[in-house]
Amino acid sequence: MIRKKSISFKRLSIVLLVLVVLGIVVAGIITASIFLYDMCGSRELPAIISPDGKYSVNVSDMTCPTTPFSGEVYINKLKNRSIIPFLNRKYVFNYRGVVHNVDVTWLDSNTLKIVYRNCKRISKQNTKWNEINIVYDNQCQNED
């Protein structure tokens, strides 16, 4: 007589219970993430095109319930774009603050001027991207 090995009902119940609990936890995490992300607010100022029309610069900010305002300035390549999307955009200035604390101006086709004020922390401040030189006019009134 051949005996077949079988999984006991108790073991099977435990495995199923663990899988159900894990599923509920994962669903809760996903739901909470979506809910918190939906509560984020974002603003973007209209793009400013360079004099030669090759680039645009954008200023945007975002705030979420768990984080303070954070903003960024990025340059978009408008002509001679790469087929690799991330090569057509560069974040050149990141700060903690809101969009009205930053002004951007094209001084000429290859020079972008960024003026910032009332920002608490600057996390990125590039001075060049491709042929674009970036100059800054620091008018920060640091607040702690």
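Here, each number is a calculation from the coordinates, and none is a lab measurement. Since we're looking at a predicted model, the values are computed, not measured. With ideal geometry, Cβ positions are generated from the backbone for all residues, glycine too; neighbour counts draw on all protein chains shown.
General observations
- For Y136, the residues whose modelled amide H falls within less than 5 Å of its own, excluding neighbours fewer than 5 places apart on the same chain, are I114.
- Cut-off 10 Å between beta-carbons: net charge of the residues surrounding L78, Lys and Arg +1, Asp and Glu -1: +3
- Computed from phi, the 3J(HN,Hα) profile of the stretch 41-51 under the Karplus parametrisation 6.51, -1.76, 1.60 (θ = phi - 60°) reads x, 9, 10, 9, 6, x, 5, 10, 8, 5, x Hz, with x in place of Gly and Pro.
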